[in-house]
Every structure is written in structure tokens, then in C-alpha cells.
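First comes the structure, then the notes that go with it.
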Amino acid sequence: MADANKVYDLVLFGVTGFTGKLAVEYLLEKSYDIRWAACGRNQAKTQAVIQEIVDRVNETKSEKCSVPPIVTADLVVTSPEQEETLATIVQQTKVVLTMAGPFEKYGQTLVKLCAEYGVHYADITGETEFVRQNIEQHDAKARQTGASIVSHCGNDCVPQDLMVHELYQYVQKLPQGKNAFLMEVQTFPEFPATSSLSGGTTSTILHHFSKKGGDKKSKKSSSASSNTNNNEEEEAFDSLLRSPDGTKSSHEVKNITTKETIYEKHIGKNVGPWIMGPVMVNCIRRSNALLKYRYDLRYGDAQVKNAGLAAWWNNVSMGARIAGAVALPSLFSGLVPQPGEGPDRDVMENSYMTLHAVAKIRTGGKQGEEEKESLVLGKFHFGKDIGYLYTAYILVEVGMVLLDKHAKGTTVGGVITPAVAMGHELTERLLQTLDATLTIEPLVEEEGKTD
């Protein structure tokens, strides 16, 4: 459908969930000059939820806003009629933004339709297997239609993905030019000791751990093995490494995440492995495969470990409740946050996330020039909760960047990452619209100090 016949610029899915309601509120407060709609499964419920948000926003807004158009469709498609309804909505918009997870459950048909009809798509998933599946099944079609299918557009994994991209850009602008290389990046997210989970997040975690092992997707791409050359089957590879032409990218990532808690001297904090670390690594693996930062890039992501009893108890108690809900859902499911529930607003407004980064760069080594290695430090700070509040805001701003690129004709087709789809344009947008700062500077060792 040509743009002139599009009814909407954006359609939001998952608007009755905790993060979805925050995204609706943000769009209403921003009053961007766009046409947007909210999609829900139940018209009456969605209408009631949106009306409540509108009433709350209007209490403090000088220019009153009204309820946006509400469209209805089921994301879990079980009949041709349901798919046709969803397809009609997809074709009416330029960009789809979805917060309805688990995405493996609620996102498969939506991604398929966006890829088929050339509609840009963004979500906030942290589900790597969902992304792999989308690459295998829809990357080629999305490249053909020009649809940007962009996952990881929230706390998972925008800060890390953009940080590595900005570090690469920093290295490219050094005086050494083509003789400067980004060799290694380690990122260290730091959250308050009392960070908590929403019902949507716990639902995704429970869905993941309740799956049978045999149901999980293989890391090896089935589509790769279908590529043949002179009727000879090619070796299967991780679909995250798939290039635009379907072959394996020459640029891979070695995971250097620490396996135990250690002291990271360059940021002066204890860091250790955490549940989302592998997701961040896989996002960077996809970005590097397409943007080609370095053919043997080393990357790791470890969480800053807060000291004190509060942090310890927060981690232990939530872990125990989730483990109980997985093992005996009938007894323990009521002890974890339910869909639609999440942290208090005051807690989110007074929270933060700081992403520390330590990068190793190499310069010289050509035409007799001396080869040198040095360190660069990065810091990406978000002044409010990024797990939910800023995840909602970031997703909306992703939608705005995609709309802008769509108007300019500069979107990138395929199943890609935030860095591949938007790069520095998204970084600039977040620095302008959120309470966020980014610094990148060389590490200056104290004179006379040695390791």
C-alpha cells in the first residue's frame, strides 16, 4: 500500500500491558504530529485502559488530548480470518511498535506480515531465539520488501548496542584513520540495588523456562544449510551471522564475559555475570556481522554488583519466587508480578541506569608504523528507570526515527538490530528526548602508575 493510502504512521500493540501503558502515556504527552492508533485484542478493555491514561495525562496537560483510534486484532493467530484482520491493520500503517511479550508467543505472525508488506517493525524483546527464528524465516523477504524488522529496542539491548556502535565511530574518527581498529569492548550496566521486575518480564521468563528442551531452536541456521553450491550442502551456522546475501558473515564475536564476580579496576566496581548478558552478546554479534566492526571482535557484558543486604535480598527473593513459579506454578505463580503490574511510578522516576564501557583499540601496524594498544572509556547514563519507563520511551523514539528514515528513503531492510537500523541517529534522538548523557574518552593512566 502506497504511503498516500496509509491510515496511520504508527500502530502500538500490547497497550494494556505495563510497558505498553507507559508508551501510550508518553505518546500522548509528547503530542507528536503523527497519526497513531492503539491495537488490543478486546475493544472494550483497550478503550477503558486508554481512556484512563488520557484522563490522567489531561490533568496536567494544557492542550487536552483525546483517545486515539483503537483497532482490534488477536496476535495469536489460529485462523485465516484472524490473520486477515491483523494483515489489514499492518497494511494501514508505516511502522508497527509492539510490547506484547513473550514475543515468541505473540510476535511471530506480526513479524511475518510486516516483512511481507514492507512495514517497519520494532519490539522490546530480549528473546534471542525469537530473533534467530525471524532471521531464518523472514530476513530475505524483509530485505526484498524493504521492511526494517528491529528487535531489542528497549533496555534489551539499545544501550549496549549503541555504545559499541558509538565506540566504533569514535575509533573511525581518530587521526590514524584506517590504521585504527576497535579490538575489544566490555560493557557493565549498573542499576539501583532495589530494581524490580514487571509482570510482563516475569511472564517472559516463566515462558522461557517452562519450555521443554526439545522445543528450543537450534543456534545453527536451518536456512543456511539449504543454500547449495553445485548441489553441495553448505555448513550450517548461527543465523545471527547471516549476511544480506544469505551466506555466513566474515565478522564474528568472541564472548569474553567474565564467569565470576571480579573487580574491574577501570571503573572501580565489582562486576559479574547476569541473566541478560548472553542476550547483549548476541545482539552485538548480529550488529558486528552486518556492520563489520572487526572480523574477530571480542565483547562481553557483565553487571555491576551492588554491595549490601538490600541488593542481596532483592536478588535472592525474586530468584526464589521465579524458581518456585517455574517448578510449581499452582502454588507460587501468585508470588511474582502479574501481567500489567510493575514498579511504582516514584520508584521508576527516581531510578537510573549507567552503562560503563571499556574498549581496547589498536593503532598503527602498517607501513612501518609502530603498533600501539590503548583503552577508551565510555559511559551512557539514563536518569530514570530504563527497565520499563525508558524502555517504553525508547521504543516510541525508535518509531519516530524509523518514520523519519522512511520519509527520507534511508531505511534498511532485513531482520536487524537498533545499531544497524538507526545507528547514531537513534543515539542523537535519545540524548535529545530523554534524561540521558553519553561520554567517550581515552583512558589517561596516572603518571608513573603501572599494572
- Query: Want the number for residue 63 to residue 432: 0.36 nm per residue separation, take away the alpha-carbon distance, what's left?
  - Reply: 130.6 nm
- For region 1-65, the per residue accessible area (1.4 Å probe, Å²) is 50
- Query: Using 0.36 nm per residue, how much length does the chain from residue 245 to residue 404 gain when fully extended, once their Cα-Cα distance is taken away?
  - Reply: 54.6 nm
- Å² per residue, accessible surface of region 87-167 at 1.4 Å: 21
- Note on the structure: In this structure, among 61/112; 141/292; 141/173; 141/408, pairs with alpha-carbon gaps over 28 Å are 61/112; 141/173
- By the Kirkwood definition, with r running over pairs of different Cα atoms, region 97-193 has a hydrodynamic radius in Å of 15.3
- Item | Relative frequency of Cα-Cα separations exceeding 17 Å in region 7-125, percent | 53
- Task: Find how much the distance from residue 261 to residue 296 grows on full extension, using 0.36 nm per residue of separation minus their present alpha carbon separation; answer in nm with one decimal.
- Result: 10.1 nm
- Leaving out ligands, DNA and RNA, what percent of the accessible area of region 1-91 is carbon and sulfur, probe 1.4 Å? 47
- Under 5 Å, built H, 5+ apart or other chain: amide partners of residue 351: 385
- Cα→Cβ-extended label distance, 7 Å offset, between residue 444 and residue 381, nm: 1.8
- Task: Loop only per DSSP, at most 16 neighbouring Cβ atoms within 10 Å: give me the trypsin sites (Lys or Arg not before Pro) in region 239-285, ordered by residue number.
- Result: 259, 265
- Message: Are there any trypsin sites (Lys or Arg not before Pro) in region 1-54 that are in a DSSP loop and have at most 16 other Cβ atoms within 10 Å? List them by number.
- Response: 6, 35, 41
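Around residue 373, what is the net charge, scoring Lys/Arg as +1 and Asp/Glu as -1 over all other residues with Cβ under 12 Å from its Cβ?
0
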- Protein accessible area in region 100-160, 1.4 Å probe - carbon and sulfur %: 41
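The values are calculated or read from the model by the stated rules, or taken from the named source; none is laboratory data. Being a predicted model, the structure only gives us computed values, none of them experimental. FYI the Cβ positions are ideal-geometry reconstructions off the backbone, even for glycines, and counts take in every protein chain you see. Protein only, heavy atoms only, side chains kept; ligands, DNA and RNA dropped before computing areas. Shrake-Rupley method; radii C 1.70, N 1.55, O 1.52, S 1.80 Å.
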